[in-house]
Amino acid sequence: MVHQKRFSPACERNKDVILEKLKLYTQAPGNLLEIGSGSGQHAAFFSSHLPHINWYPSDQPMYLESIQAYQQDTPNKNFKSPITFKVGHDNFPIIDFSYVFTANTFHIMSQQEVINSLSLLGLHLKSQSYVFVYGPFKKNKEFTSVSNKEFHRSLQVNNPNSGIKDFELIHKHMLEHSFNLVKDHDMPANNQFLVYLKH
Ligand SMILES: C[S@@+](CC[C@H](N)C(=O)[O-])C[C@H]1O[C@@H](n2cnc3c(N)ncnc32)[C@H](O)[C@@H]1O
């Protein structure tokens with residue numbers, strides 16, 4: 001069966017700089033859950049550059065066909081079949097994950113979905129697991145750029161529950177769920193790459 005690939009220009013722009021950061025923290029082999037994989041481009045690219053990591057993409061059902069299309073075209077065996085996982089609807093996958101990665105999802109989710117995501121990570125990840133969150137955030141209630149402010153407005157026109165979240169909200173919940181912030185990397189185009197480690 002031939003699956004239809006989606007294409008995200010943002011993924012092409014950010015994949016190299018994200019890979020550079022992922023490499024810093026993923027030396028140990030392990031299973032990684034990607035939440036909200038979208039097209040599947042990141043899964044294809046990162047799994048081919050991190051062969052010791054079993055990359056498990058996930059998303060809501062309408063994205064799985066595209067992810068499967070990328071998986072079919074990628075020879076690496078560590079690109080695992082996509083998992084149906086929408087936070088708030090599906091159970092957390094029963095796999096022993098050492099890593100969780102999510103890119104550009106928290107500004108699409110509602111605040112409650114973000115809080116639920118962090119709570120699930122607290123419940124299901126073991127000590128010494130890493131969580132990587134890439135995307136734009138507000139800091140001290142302020143947007144970090146004019147373009148992020150405009151982006152936030154445009155998101156809310158389409159869905160009033162979506163929008164750029166406060167870094168402090170993420171941080172508070174991660175601390176409550178036994179994660180320490182290892183590093184908050186500034187990334188191009190006013191994005192952050194947050195690295196948390198469970199103690
Ligand atoms: C802007 S796309 C980002 C996709 C991909 N990570 C990327 O960087 O291109 C946002 C993704 O978040 C997913 N998403 C939204 N709400 C979600 C939820 N409650 N649980 C899991 N994924 C969700 C969407 O299905 C979509 O794939």
List pairs: first residue in region 1-16 and closer than 15 Å to residue 191 by Cβ and modelled with pLDDT of 95 or more, second residue near the ligand (Cβ under 10 Å from one of its atoms) and assigned to a loop (DSSP other than H, G, I, E, B) anywhere in the structure, Cβ distance under 9 angstrom, at least six positions apart or on different chains. 8/38; 8/39; 8/104; 10/104; 11/38; 11/39; 11/104; 14/104
Consider residue 153 against the criteria (1) assigned to a helix (DSSP H, G or I); (2) over 18 Å from residue 119 (Cβ atoms); (3) in contact with a helix residue (DSSP H, G or I) (Cβ under 9 Å, 6 or more places away or on another chain): it satisfies all of them except one. Which criterion is unmet? (3)
Mind counting the residues in region 39-72 that are in contact with a helix residue (DSSP H, G or I) (Cβ under 6 Å, 6 or more places away or on another chain) and in a loop (DSSP other than H, G, I, E, B)? 2
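Within region 1-38, how many residues turn out to be assigned to a loop (DSSP other than H, G, I, E, B), of a type in the set (Ser, Thr, Tyr) and farther than 21 Å from residue 63 by Cα?
1
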Within region 103-119, tally of residues that are in a helix (DSSP H, G or I), more than 8 Å from the ligand (Cβ to nearest atom) and either surrounded by 22 or more Cβ atoms within 10 Å (Cβ to Cβ) or among the aliphatic types (A, V, I, L, M) (or both): 3
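The values are calculated or read from the model by the stated rules, or taken from the named source; none is laboratory data. Keep in mind it's a predicted model, so treat the numbers as computed, not measured. Backbone-built Cβ (ideal geometry, glycine too); neighbour counts: all protein chains shown.
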